[in-house]
1. Hey, among the residues in the stretch 38-47 that are open to solvent by 70 Å² or more (accessible area, probe 1.4 Å) and not in a helix (DSSP H, G or I), which one's modelled with the highest pLDDT?
2. Only one of Asn4, Asn35, Asn61, Asn23 is among the polar types (S, T, N, Q) and either at pLDDT below 85 or in contact with a Gly (Cβ under 7 Å, 6 or more places away or on another chain) (or both). Can you tell me which?
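The values are calculated or read from the model by the stated rules, or taken from the named source; none is laboratory data. On a predicted model such as this, the values are computed, not experimentally measured, just so you know. A quick note on method: Cβ atoms are made from the backbone with ideal geometry, for glycine too, and the neighbour counts reach across all protein chains shown. Heavy atoms of the whole protein, side chains included, go into the accessibility calculation; ligands, DNA and RNA do not. Shrake-Rupley method; radii C 1.70, N 1.55, O 1.52, S 1.80 Å.
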Amino acid sequence: MKLNRVQAEIIYFSLLHTLRECNIEYDEKHEQLQNEIIDRNDVTDILDQLDLFYDFIVAENEITFDD
C-alpha cells in the first residue's frame, strides 16, 4: 500500500478516534504523536480531507442517515 503523508495521517487519526470511541486503551506515544501532528500548520488540510473520505464512502455505499 502506497500512501502519502496526509493520507497516512488521516487514517492514523481515524484509527485513534475509533479506539477512543470504543474505550480501547492504547499506548500514550500515539496520543503524543497525534498532538504533534495537530500542532502543525497543515492540520486543517488533514481535517478537510476527512470530509472527502466521508463523502466518498457515503456515496459509494449509498448510505442514507436518518435526521
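1. In the first step, residues of the stretch 38-47 are kept if they are open to solvent by 70 Å² or more (accessible area, probe 1.4 Å); the result is 38-41, 44-45, 47.
Subsequent filtering for residues that are not in a helix (DSSP H, G or I) retains 40-41.
Numbers: Arg40: 73, Asn41: 58.
Taking the candidates together, the pick is Arg40.
2. Residue meeting the stated conditions: Asn4.
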